[in-house]
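Trainee: So that we are looking at the same thing, I have put the structure below in C-alpha cells.
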Ligand SMILES: [Zn+2]
C-alpha cells in the first residue's frame, strides 16, 4: 500500500507515523498530540494551520475568510491573519491610508541635481510651499520667490495627487536609507567624513501637515524617481509665465 507518508492529521495538517495515532484518532484523523487539546485549542490550531497554508493566489472565498479573520476574537488568530493579509496584499494598508490623508500644508525642498523630462540634469535649489487653505504654491529658487494661486479644485487635485500617486506619506519608508555609519572597520576615514556631511545636506526634505493633525518630516540623500517627478510636476506651474504657448520650443 502507498502509505509511506503516514497518516494525515486534520488539525496540525501533518503526515505522521501510524504510531502517532490512537485507534480512534486514526479514523478521526487527529493525532495523539492534537487529541489532547481542548476543542477550543484544537479549532484554533486548525485555523492557524489553515492560515499558514494559504496558497499565494487566494480564491475570493479564501480572501473573504482571511479578511474576516483579522477581527477574530482570538487575538493570536487576529494577529496572524493580519500578518498573512499584509503579505498577500502589501498595498492594502497603504491604500487605506490614502483615503484618510488630506494634506493641509507641505514644504518640499530639493537641493540636488534633477532630471528634466528630456533626461538632462540640472542643478536644483528649490523650496516649494503648498497651502490648501490659501490655494497658493510658492517656489523659491536661488533667492527668487514666485507665488501662484490655484483654484480650489486644482489645489485639491494636486494635493490628492501628491498623496495618491507620489505617495509622499511613504517616502520615509520607501526612500530613507540608513546612513552607512556602521560600515566595516577597514572603511576609509574619508568616507565617514563624506557621510556626515551628507547628513547635513539631504538631497530632498519634505514636511507635511495633514488635516487630521498628523505631521511628517522626511528627508533623503539621493533623488528617487518619484521625488524628481514631483519636483518637475510643481515646477510646471511656474514655467509658462512669459510665453503663452504650451508647446515645447523647438531649439
Ligand atoms: Zn495533529
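Trainee: Name the pairs whose Cβ atoms lie under 7 Å apart, with the first residue in the stretch 23-45 and farther than 22 Å from residue 80 by Cβ, the second within 13 Å of the ligand (Cβ to nearest atom) and not in a helix (DSSP H, G or I), and 6 or more positions between them or separate chains?
Mentor: Close Cβ pairs (under 7 Å, with a partner that is within 13 Å of the ligand (Cβ to nearest atom) and not in a helix (DSSP H, G or I)) amount to 25/31; 26/7; 29/8; 29/9; 29/10; 32/21; 32/22; 35/22.
Trainee: Inspect the stretch 88-99 for any residue being surrounded by 15 or more Cβ atoms within 10 Å (Cβ to Cβ), free of Cβ contacts under 8 Å to residues at least 40 places away in the same chain and away from the ligand (no atom under 16 Å from the Cβ) and give the result as yes or no.
Mentor: The answer is yes, given that some residue of the stretch 88-99 is surrounded by 15 or more Cβ atoms within 10 Å (Cβ to Cβ), free of Cβ contacts under 8 Å to residues at least 40 places away in the same chain and away from the ligand (no atom under 16 Å from the Cβ).
Trainee: What tally of residues in the stretch 74-97 results from selecting those that are more than 22 Å from residue 169 (Cβ to Cβ) and outside any helix (DSSP H, G or I)?
Mentor: 1
Trainee: Which fully enclosed helices (runs of 4 or more DSSP H) of the stretch 1-62 have 2 or more residues being away from the ligand (no atom under 13 Å from the Cβ)?
Mentor: Ranges flagged: 23-28, 39-52.
None of the figures in this text is laboratory data; all of them are computed from the coordinates on show. As the structure is a computational prediction, the values presented were derived from the model and not from experiment. Cβ coordinates were reconstructed from backbone atoms using ideal geometry, including for glycine residues, and neighbour counts include every protein chain displayed.
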